[in-house]
1. Do any residues in segment 84-102 that are within 18 Å of TYR128 (Cα to Cα) have Cβ atoms under 8 Å from those of residues that are at pLDDT below 90 and among the aliphatic types (A, V, I, L, M), where the two are at least six apart or on different chains, and which pairs are they?
2. Looking at segment 38-46, can you tell me whether even one residue there is part of a helix (DSSP H, G or I) and at pLDDT below 70?
3. So which residues in segment 62-91 are charged (D, E, K, R) and either touching a helix residue (DSSP H, G or I) at 6+ places or on another chain (Cβ under 6 Å) or modelled with pLDDT of 90 or more (or both), if there are any at all?
4. What number of residues in segment 73-113 are loosely packed, with under 13 Cβ neighbours inside 10 Å and within 18 Å of GLY14 (Cα to Cα)?
5. Test of understanding: among SER72, SER138, which residue is in contact (Cβ under 8 Å) with a residue 60 or more places away in the chain, of a type in the set (Gly, Ala, Ser) and assigned to a helix (DSSP H, G or I)?
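The values are calculated or read from the model by the stated rules, or taken from the named source; none is laboratory data. The shown structure was predicted, so the numbers you read here are calculated from the model rather than taken from an experiment. Here the Cβ positions follow ideal geometry from the backbone for every residue, glycine too, while neighbour counts run over all protein chains shown.
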Amino acid sequence: MNEQNNLDIGYMVGNYRFWKKEIERLEKVLFGFSVAMSSWGVAQYGIDAAMPKGSSIRSAKELKKMDVREKSQLMRLERIRSYVYALEKALDLIEDEQLKTIYDCLLEGMTHRQIAAHLSASKDYVRYKKQEVFSQISQNSQSRTLLTLQKSVV
């Protein structure tokens, strides 16, 4: 079971850069512009909170008018956003700085060889540490919740 979790995390890490690009593309198709990740679900305070503003999310009336393709694109956008958020949040769950560096490099799409050169280590060492990173993430209950997209009550 643990091996399967590591494979799932490896698959997700491998798709991270693609998903980031796909989020941007889908946002442009659906909203006409790309939404910064930092503003996904961010609360506003003060005068900004009181002022009326347009929503980047579609209203119920607009959702009814959307065609099937747009609805599926919106659902896909939300799903991919949750994957990206989970992967980026998982960095906070790793304790060792070197493991954080390896994970961050993997998210950037660096190869084992490039990471090894960056760390002045061997490719085998990077491969071993990568498995340690994936194991650490999959063993953490908070990351399992994030990666399986289960909503947790805060």
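1. Pairs that qualify, where the first residue is within 18 Å of TYR128 (Cα to Cα) and the partner is at pLDDT below 90 and among the aliphatic types (A, V, I, L, M), are ILE94/ILE137.
2. Yes; the residues of segment 38-46 include at least one that is part of a helix (DSSP H, G or I) and at pLDDT below 70.
3. Scanning segment 62-91 gives ARG76, GLU78, ARG79, ARG81, GLU88, LYS89.
4. 5
5. Numbers: SER72 fails: in contact (Cβ under 8 Å) with a residue 60 or more places away in the chain.
So the residue among SER72, SER138 that is in contact (Cβ under 8 Å) with a residue 60 or more places away in the chain, of a type in the set (Gly, Ala, Ser) and assigned to a helix (DSSP H, G or I) is SER138.
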